[in-house]
There are 2 protein chains.
Amino acid sequence: MTTIGDERGGLRAGRGEWAAWLALRMVPGIGNILGLGLVRAFRSPHAVFEARDQELQCAGVRREVRAALRRFDRWREVEAQLARLDRIGGRLVTWDDASYPELLRQIHDPPLFVYVLGELAAADAQAVAVVGSRDASPYGRHMTAVLCEGLAGAGITVVSGLARGIDAAAHEAALRAGGRTVAVLGSGIDVVYPSEHHRLHMRIAKTGAVVSEYPLGTQPDAENFPARNRIISGLSLGTVVVEATERSGSLITAQCAVEQGREVFAVPGPVGARTRGTHQLLRQGAALAEAADDVLREIAPHLRARPAPADRAANLSDLETAIVAQLDAVPRSVDEVIARTGLAAGTVLEALLVLELRGVVRQSPGQCFARAIGSAAS
Amino acid sequence: MTTIGDERGGLRAGRGEWAAWLALRMVPGIGNILGLGLVRAFRSPHAVFEARDQELQCAGVRREVRAALRRFDRWREVEAQLARLDRIGGRLVTWDDASYPELLRQIHDPPLFVYVLGELAAADAQAVAVVGSRDASPYGRHMTAVLCEGLAGAGITVVSGLARGIDAAAHEAALRAGGRTVAVLGSGIDVVYPSEHHRLHMRIAKTGAVVSEYPLGTQPDAENFPARNRIISGLSLGTVVVEATERSGSLITAQCAVEQGREVFAVPGPVGARTRGTHQLLRQGAALAEAADDVLREIAPHLRARPAPADRAANLSDLETAIVAQLDAVPRSVDEVIARTGLAAGTVLEALLVLELRGVVRQSPGQCFARAIGSAAS
């Protein structure tokens, strides 16, 4: 710690390492991927600064980057960031921190660290991103509210981008349901944008977390948003897009989720400009989400609010129940089912086709029917 | 014609055969599939009635059905149907008629004949079914109108079921766009249901066709509708479902389309009871349709497939070609195909099922297979 310590003066334990992390990311030519490679090779960011030129060369670091490391002299800026972070009550969660989110760690290009206002909790391991258009319709806001209240109610952390429209509705709904929510910004965590979200920003920081990889004071520059979006999807088991125009940034978040191997959901809605993007996602294979249950079923079956079997079984009409009662796992001809139920052929056939569509029964060739495996009615 | 002629009296040319078709379908135990098998075996429905008992026995006709054929004495009813058909200006389009729709001919259980008010035109070979809820929302009606005007404008015939709601909106829009539309009824073509569709019924008959396989005077019994739905999808290159509740009959039409190897489209909309069925179809892989273009894009390959049969044939693997070479227009049991190809039973069966899904072969009851009519490989 000598090189750095000299410049920093007396810091609390851990702060020395924070300074080295911040500094490493400020070195020209060192991004998240190279930075992480260096930290892994030298065991700490601090050790990267202390490494001899030959060691860096052996680790494959290019001449210009080695020179930039040697020349690095922005420790005062680093110190200013840390002092400012202290003042706003924030902290740095670095790659080697136990509270660095495991899901984020798994993406291709995880941030070396994130600035956090509030706390990233263990519960945030079960997070879902809900994003969408800034220019949301009342329908979009309503669907967001219903979805996020359901997710939060099931103990899922709602991740979003604190933008106007769908994002704000997502955070608000999670808070209203008493759940956790995480806002990932394309600005510094101390820069509130849009300004009318000042109170919402504070409420999220109080019970959840406001997160960013950008230095304090960074303005919300449009070019930060694509990179920000990878953190939104990266923190989440799945990303739900509610209303998105054809060029919406939410589609970038969805694309990030796909690249990260996470689920993508889209909420359908009335055909129009605001659903052009979501319907395109559905065409491309996104899962269709009408409610929180559709999301939970895919990503966290154990968290489903209502037990599926009772739910499905309860939806059977008396007629359907009578027909299903005549079926078991071995396919039976429709004629036999008709004979056993004593109902009209057309009635039985129609009911069976509907039950098949609902996944309660399955049809085999030759108009034979059996109970679907795993069906509620079985 | 002696047996029948005596009862019928002096009829116009062709009417004698119509009588035999109608009569054949009225014989207890003879449905569309057996009826068609008999007509193929004996060359005409008339010849079926004239066949000797031993000939019928050799053709595999069960004792009760042979007895029913011998005993058949409802020629006066047949004659009454034909007189009534004459009065309303309708006609019968029988299986052997050049104007019997080719797409309908290809389904598993085509009707032996349909009653028609109006005309089935050559242009109806390019038809799309548009169906949906009786209890349609203004949104559903609007989407139906936009879609059907687009389809009709592109020269596509719009097929539907003349029910309230989406069906009526589909027919109306096609007529408004100056296009052709075909209504398939679950009642006789002379029974207007619901009664407020009287004018619509007449307008469709005037410029398109009102079609049914049910005798004149048949009331719209609920149990007729599933069978009616297979004709709606069977006449069409694809079926578009606009708004459908979870138990909507439109889902049966969609299921028929899938079984017939035709495309299924669903129109998304605001989450709610009226879109539960359409969104479920999207989950199951239906193509998402926002506009007529989405439908046209998908069914275009089918349209192009007509002048270029080599297209489909070229897609057959060596194994598939070897199997198809053992098939012709008359269904052959799978055991015979296995024996002729000398391939493993499982291999042949699997290939046949895939070929069936691709519309190259068609399956008859009892695991018999034939080349699909109009298939490239035939």
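The values are calculated or read from the model by the stated rules, or taken from the named source; none is laboratory data. Treat the numbers as computed from the prediction; the structure is a model and nothing was measured. Cβ coordinates were reconstructed from backbone atoms using ideal geometry, including for glycine residues, and neighbour counts include every protein chain displayed. The area values use the complete protein model at the heavy-atom level, side chains included, leaving out ligands, DNA and RNA. Shrake-Rupley method; radii C 1.70, N 1.55, O 1.52, S 1.80 Å.
Tabulated values for the structure
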quantity: Reciprocal of mean inverse Cα separation for the protein assembly as shown (Kirkwood radius, Å); calculated: 30.2
quantity: Cα extents of the stretch B:189-304 along the three principal axes, largest first (Å); calculated: 40, 37, 26
quantity: Sequence-distant residues sharing a close amide H with A:THR218 (under 5 Å, placed H); calculated: A:GLY188
quantity: For A:ASP318, inter-copy label distances in nm, listed shortest first [label point 7 Å out on the Cα-Cβ vector]; calculated: 6.3
quantity: Using distinct alpha-carbon pairs, which all enter the 1/r mean, Kirkwood radius of the stretch A:74-188 in Å; calculated: 15.3
quantity: Estimated distance in nm for a label pair at A:GLN326 and B:ALA154, the labels positioned 7 Å out from Cα along Cα-to-Cβ; calculated: 4.3
quantity: Overall Cα dimensions of the stretch B:31-132 - principal axes, largest extent first, Å; calculated: 45, 31, 28
quantity: Using a 7 Å Cα-to-Cβ projection, A:ALA121 label spacings across copies, nm, ascending; calculated: 6.8
quantity: C-alpha long axis of helix A:75-88 to longest principal axis of chain A, angle in °; calculated: 50
quantity: Label 7 Å beyond Cα on the Cβ vector: B:GLY261 copy-to-copy distances, nm; calculated: 3.9
quantity: Relative contact order (%) - criterion: Cα under 8 Å, at least six apart; region: the stretch A:174-284; calculated: 22
quantity: Minimum 20 Å² accessible area buried by the other protein chains, the stretch A:320-346 residues, probe 1.4 Å, relative to alone; calculated: A:GLY346
quantity: Test item: Cα-centred dipole of the stretch A:117-182, Lys/Arg +1 and Asp/Glu -1 on Cβ, debye; calculated: 120
quantity: Cα gyration tensor category, rounded, prolate or oblate, for chain B with a/c compared to 1.5; calculated: oblate
quantity: Förster radius 60 Å - calculated FRET efficiency between B:ASP135 and A:CYS58 (Cβ-Cβ, nearest 0.05); calculated: 0.20
quantity: Relative contact order (%) - chain B, alpha-carbon pairs under 8 angstrom, separation at least six; calculated: 12
quantity: Chains A and B, summed buried accessible surface - 1.4 Å probe, Å², nearest 100; calculated: 2300
quantity: J(HN,Hα) series, the stretch A:268-279, from Karplus relation 6.51 cos²θ - 1.76 cosθ + 1.60, nearest Hz, glycine and proline x; calculated: x, x, x, 4, x, 4, 6, 10, 4, x, 5, 5
quantity: P(r) of the stretch A:125-190 over all Cα-Cα pairs, binned every 10 Å from zero, in whole percent; calculated: 27, 54, 19, 0
quantity: Against the rule of thumb 2.2 N^0.38 Å, how large the Cα Rg of the stretch B:105-250 comes out; calculated: 0.93
quantity: Only Lys, Arg (+1) and Asp, Glu (-1) charged, at Cβ; chain B dipole about Cα centre in debye; calculated: 500
quantity: Chain A - accessible surface per residue (Å², probe 1.4 Å); calculated: 44
quantity: Paramagnetic label zone (point 7 Å from Cα along Cα-to-C-beta, B:SER99; backbone N under 18 Å) in the stretch B:203-217; calculated: B:203-214, B:216
quantity: Rounded to 10°, Cα long-axis angle of helix A:138-153 versus longest principal axis of chain A; calculated: 80
quantity: Positive-end residue of A:GLY188, B:ILE156, B:ALA286, charge dipole of the protein assembly as shown with Cβ unit charges; calculated: A:GLY188
quantity: Residue-averaged [θ]222 nm for chain B, counting only DSSP H segments that reach four residues, each worth -39500 (n - 2.57); calculated: -14000 deg cm²/dmol
quantity: Cβ charges +1 (Lys, Arg) and -1 (Asp, Glu), total dipole of the stretch B:172-227, debye; calculated: 420
quantity: Signed unit charges on C-beta, dipole axis of the protein assembly as shown, positive-most listed residue A:SER364, B:CYS58, A:ILE107; calculated: A:ILE107
quantity: Value of relative contact order over the stretch B:170-217, rounded to a whole percent, pairs C-alpha under 8 Å and six or more apart; calculated: 48
quantity: Extent along principal axes [Cα atoms of the stretch B:149-226; Å; largest to smallest]; calculated: 34, 23, 20
quantity: The stretch A:1-141 - percent of accessible surface contributed by carbon and sulfur, probe 1.4 Å; calculated: 49
quantity: Helix A:166-176 vs. chain A, principal-axis angle (Cα, 0 to 90°, nearest 10); calculated: 80
